[in-house]
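See structure below.
Quick note: the coordinates plus some simple rules give every number you see, no bench work behind them. Just so you know, these numbers come straight off a predicted model, no measurement behind them. Cβ coordinates were reconstructed from backbone atoms using ideal geometry, including for glycine residues, and neighbour counts include every protein chain displayed.
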Amino acid sequence: MSQKLKALIVQHEEPTPPGLLLEWLLKHEFSVDILRIDIEARVPPATSYDLIASLGSDYSAYDETVPFVHLESALIREAVSADVPCLGLCFGGQLMAHALGGRSFRAQRPEIGWRAIRSRDPLLIDEGPWFEWHVDTFSLPPGSTLLAETDVGPQAYVIGRSLGLQFHPEATPEIVETWVRGGRRQLEASGVDSDQLLDETNRSAADVRHRSELLFSRFVGSIAKLNA
């Protein structure tokens, strides 16, 4: 029997779970560890894993006062140096860019809700709409290739065997509902109707799951080049 591929998911707080990503990994028989890096300072070696995924966060990737920003940046650099594929989702994509020589910074305006993106490779990165909830953006790290963008900033890039995203393919209706409950003031300030957002989330759930699963499959097969 072949040995299972091992994945490490880095989670930054309780309200940002791995959702559809964890479901996909388990469905494809990965062995999965979840590191709550906000409460566990001991970070395992990147080379212990075949794949590392970094989830979203309420924090900013450029906030050097956050202890895990340093820890996770070092983990990402170690992984990329050792040719261990990384997948960054929203904050994770920003932090990967920041750790590898790009910049993360406040965006001109937030992106919240279901947004279509402009893809340069639609067979790899579907144009969506994808779920967005972020106030920061980033510049591409040296050696990376832009795959998708909006007027606000990059939405997807590849560097070696790693993929950084600005959106949330892992988001389930339950996750979105949790974020909406905790962020109604921000939604109102951004002109987003909470009830309409939840309605669109529930109506599109089956389609989103299908597109997210395709994205994870394409990342693992075409970019990470893992046999899953």
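Convert each backbone phi in region 107-119 into a coupling constant with the Karplus relation 6.51 cos²θ - 1.76 cosθ + 1.60 (shift: θ = phi - 60°), then list the ³J(HN,Hα) values in order as whole Hz, x for Gly and Pro.
Calculated HN-Hα couplings, in order: 6, 4, 7, x, 10, 9, x, 8, 10, 7, 10, 9, 9 Hz.
Can you give me the C-alpha center-to-center distance between region 143-173 and region 185-215, rounded to a whole angstrom?
18 Å
For the chain, compute Rg over Rh where Rg is the Cα radius of gyration and Rh is the Kirkwood radius from the inverse mean 1/r over Cα pairs.
On the Cα set of the chain, Rg over Rh gives 0.93.
How compact is region 61-102 by the rule of thumb for globular proteins, expressed as Cα Rg over 2.2 N^0.38 Å?
Working: Rg = 9.5 Å, N = 42, 2.2 N^0.38 = 9.1 Å.
Region 61-102 yields a ratio of 1.05.
Per DSSP H run of at least 4 residues, take -39500 (n - 2.57); add these up for the chain, divide by its residues and hand me the 222 nm value, nearest 500 deg cm²/dmol.
That calculation yields -9500 deg cm²/dmol at 222 nm.
Once phi is turned into θ = phi - 60°, what whole-Hz ³J(HN,Hα) does the Karplus curve with 6.51, -1.76 and 1.60 give for every residue of region 71-81, x standing for Gly and Pro?
Karplus-based 3J(HN,Hα) across region 71-81 equals 4, 6, 4, 5, 4, 5, 4, 4, 4, 5, 5 Hz.
For region 143-228, just run the numbers: alpha carbon Rg, then divide by 2.2 N^0.38 Å, N being how many residues it has. It would help to have the intermediate numbers written out before the result.
On the way: Rg = 15.5 Å, N = 86, 2.2 N^0.38 = 12.0 Å.
Scaled against compact globular proteins, the figure is 1.30.
Through the Karplus equation 6.51 cos²θ - 1.76 cosθ + 1.60, θ set to phi - 60°, convert the phi angles of region 60-69 into ³J(HN,Hα) values in whole Hz; use x for Gly and Pro.
For region 60-69, the Karplus-derived couplings read 9, 5, 9, 7, 6, 7, 7, x, 6, 4 Hz, x marking Gly and Pro.
Looking at region 28-106, which trypsin sites (Lys or Arg not before Pro) are DSSP coil and have at most 13 other C-beta atoms within 10 Å of their C-beta?
42
Can you give me the Rg/Rh ratio for region 1-52, using Cα atoms for both radii and the Kirkwood formula for Rh?
A ratio of 0.99.
Packing-wise, with mean Cβ within 10 Å as the measure, how do 211-217, 96-102 rank, highest first? It would help to have the intermediate numbers written out before the result.
Numbers: 211-217: 19.1, 96-102: 23.3.
Final packing ranking: 96-102, 211-217.
Run a plain Debye calculation on region 40-173 (Cα atoms as equal point scatterers, no solvent) and give log10 I(q)/I(0) at q = 0.15, 0.17, 0.19 Å⁻¹, rounded to two decimals, same order as the q list.
After summing over all Cα pairs, the log10 values are -0.66, -0.85, -1.06.
On a straight-distance basis, which lysines could pair with residue 225 in a cross-link, Cα separation under 17 angstrom, same-chain partners fewer than 8 positions away excluded?
By straight Cα distance, residue 225 reaches 4, 6.
Quick check: net charge around residue 20, other residues with Cβ under 15 Å of its Cβ, Lys/Arg +1 and Asp/Glu -1?
Net local charge, residue 20 excluded: -3.
Given an 8 Å cut-off on Cα distances and at least 6 residues of separation, report the relative contact order of the chain as a percent.
In percent, rounded to a whole number, it is 19.
If you place +1 on the Cβ of every Lys and Arg, -1 on the Cβ of every Asp and Glu, and leave all else neutral, what size is the dipole of region 56-139 about its Cα centre, to the nearest 20 Debye?
The calculation lands at about 280 debye.
Amide H to amide H under 5 Å from residue 54: which residues, 5+ apart in sequence or cross-chain, H placed 1.01 Å off N in plane?
10, 87, 88, 89
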